[in-house]
Amino acid sequence: MATITYYVVLTFVRNEEGEEELIAEPPTQMPSASAATSRARSLAGSKAGVIAFARSGDPESVNSPMLLCCSRPVRSPRTFSM
């Protein structure tokens, strides 16, 4: 089966009740790594957090995501689990 790569931007907003909790907004699929990175960087100033990541694999089994860009520190600079 053919390998497919998905490029995604995921934004986060703060809980409206003033807590430090972050809430994920719906993900946005992008056409390329550069488009995902550019979009994440453009949203970084207006969101509590933003990440851009890529996932590759065949449609039945997708590998762990690879981090492309983030607006806040994450545990690992290259990969993370979902």
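The H on the amide N of residue 68, modeled in the peptide plane, is under 5 Å from the matching H of 52, 53, 54, each at least 5 residues off or on a different chain. Residue separation of residue 61 and residue 48 scaled by 0.36 nm, minus their Cα-Cα distance, works out to 1.6 nm of gained length.
All of the numbers you see were taken from the coordinates with simple rules; none came from a lab. These numbers were taken from a predicted model, which means no experiment stands behind them.
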